[in-house]
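What follows is a single structure, written as structure tokens, with notes after it.
The values are calculated or read from the model by the stated rules, or taken from the named source; none is laboratory data. Computed from a prediction, not measured in an experiment: that's the story for all the values here. Cβ atoms come from the backbone with ideal geometry, glycine included; neighbour counts cover every protein chain shown.
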Amino acid sequence: MKEGLQVQQDQNDLEAQETKAEIKNEENLEDQKTKKIKKNNIENVQIIPSGREDVDVCMIGTGRPFLLAVKDYFSLDFSPINRAIEELNENEEKHLYIFDLNFLGSGFKLFPKLKKAFHDEIEKKQKIYLALVTFENSITEDDVQKFNKNFSKNTIDCVPRGLAFETFEPVLTVNQDTPCRVLPRRTVMCRGKKIYALKLTYVCENLCTLMIWAQSGTYIKEFVTGNFRRTSPSLSSLTKNNCDIIQLNVIAVF
């Protein structure tokens, strides 16, 4: 009987270890930043990123702005914060790198104003994505050239920094019903988002890279696939060829 209990206990311990491993793997970058800062004796930390991406989307290029608020911190000594950032940047796993951290001010009345201004700016942001896309049916280099002729009048390679996206005429407006994958946690509604440029680069008959210059908040994966016609138009409908996305990277947020 004791032996049976021991086997059951060992199995429970194994399941507990697996659960801990899963939780650790699901930890997002904001959690990593917060833990490292708290490790340096700084509590009540809040990190507000400029937008967010799915866990499998790489944030490369110019990086993503974020607001760091340290509550109940009255010292003017910033060495613990700087030390935490150095430890993050020296991490061998290289999940993230922090640079250009600037002090904006202090005071309990200042933070709500900064937070609101930061959130307001998020809605005005534009993003450039690089996606690796597959096509169900073969696609030719001529098909790619025809597509680019219609949707690349705004040149992605020379995106003007610091200008509002209203300055540029979008190549199309996408209507997106709330994607199936986020229905449990997002308001069910139709969102109109603007696309400012699309550029396909031919790789082989069923594979292309796609550069996308889009308004912040656009569901890029759904724009590629169509999400059971919940996004219209989509890359699938524009090319009349069912598409799927293999990898998605954010090149710039501005």
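Only one of the numbered conditions (1) at pLDDT below 95; (2) touching a helix residue (DSSP H, G or I) at 6+ places or on another chain (Cβ under 6 Å); (3) outside any strand (DSSP E or B) is violated by G217, and that is (2). Within the stretch 215-247, the residues that satisfy the criterion of being without any contact (Cβ under 8 Å) to a residue 60 or more places away in the chain and either of a type in the set (D, E, K, R) or at positive phi (or both) are E222, G226, N227, F228, R229, R230, K240. Might you check whether a residue that is part of a strand (DSSP E or B), closer than 26 Å to D142 by Cα, without any contact (Cβ under 8 Å) to a residue 60 or more places away in the chain and not assigned by TED's automatic domain parsing to the domain that holds C58 occurs anywhere in the stretch 172-189? Yes, that holds for at least one residue.
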